[in-house]
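What follows is a single structure, and I will ask about it in a moment.
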Amino acid sequence: MQDINDKRILVIAADRKNGRIFTIFLGNFEDEGRVIKDSVVPQKIKDDNARQGKVDRHVRNHLHKHLRLVIDEAEKYVSKNKLLINAVVIGGHKELLSEIRSCLPPHLKRIVAGELVCEPDAPLGEITEKVKQNFQLFLR
C-alpha cells in the first residue's frame with residue numbers, strides 16, 4: 001500500500017481568476033508555492049446584440065489561456081526547484097477539473113493521481129488536508 005509520505009505531490013488548483021501551485025512532501029506542504037492572479041478571463045456575458053455562441057467561444061478561449069498560464073507556471077516551478085514529482089493532484093471548481101486536466105502536458109497527465117474540488121485561494125493547510133484525506137482513494 002502506497003503512503004502519502006513516500007510521494008512528492010504537485011498540486012495545481014485553478015478557477016477562472018486564480019491559480020495556485022505547490023508541492024506536498026512527507027505529508028506537509030513544502031513551501032508557499034506560487035499564486036497566479038489573472039483577471040483577463042471575462043465572466044459569462046449576456047449581450048442581446050451579440051451572438052451568444054461567439055461570446056461563449058470568446059470566454060472559453062480566455063479561460064483556456066488562463067489555465068495554460070497556470071500550468072506553464074507549474075512546469076517552471078518544478079523545473080526551477082529541480083523537483084522530482086511522483087504524482088499530480090488537480091484542484092478547482094468541479095466544472096473546471098476536466099478542462100484543467102486537458103491542458104496538462106502528457107508527462108504530467110500520466111501521473112495525475114486525482115481531482116479535488118476546492119478553492120485555489122483556500123489556505124494551503126486546508127488543501128493539503130483534503131489531499132491527504134483522499135490520497136488512498138486517488139491511488140485506487
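Return only the number of the condition from (1) closer than 13 Å to GLY33 by Cβ; (2) surrounded by fewer than 16 Cβ atoms within 10 Å (Cβ to Cβ); (3) in contact (Cβ under 8 Å) with a residue 12 or more places away in the chain that PRO123 does not satisfy.
(3)
Residues in region 46-86 that are assigned to a loop (DSSP other than H, G, I, E, B) and either modelled with pLDDT of 75 or more or within 15 Å of ARG20 (Cβ to Cβ) (or both): how many?
6
Please state which one of GLY125, GLY114 is out of contact with any Gly (no Cβ under 6 Å at 6 or more places or on another chain), part of a helix (DSSP H, G or I) and among the small types (Gly, Ala, Ser). Quick ask: steps written out before the conclusion?
Values: GLY114 fails: part of a helix (DSSP H, G or I).
From the options GLY125, GLY114, the qualifying one is GLY125.
So is GLU129 more than 18 Å from VAL35 (Cα to Cα), charged (D, E, K, R) and exposed (fewer than 11 other Cβ atoms within 10 Å of the Cβ) or not? It would help to see each step written out before you state the result.
Values: more than 18 Å from VAL35 (Cα to Cα): yes; charged (D, E, K, R): yes; exposed (fewer than 11 other Cβ atoms within 10 Å of the Cβ): no.
Here the answer is no, as GLU129 does not meet what is asked.
The values are calculated or read from the model by the stated rules, or taken from the named source; none is laboratory data. Computed from a predicted structure; not experimentally measured. Positions of Cβ are backbone-derived with ideal geometry, glycine not excepted, and every protein chain shown enters the neighbour counts.
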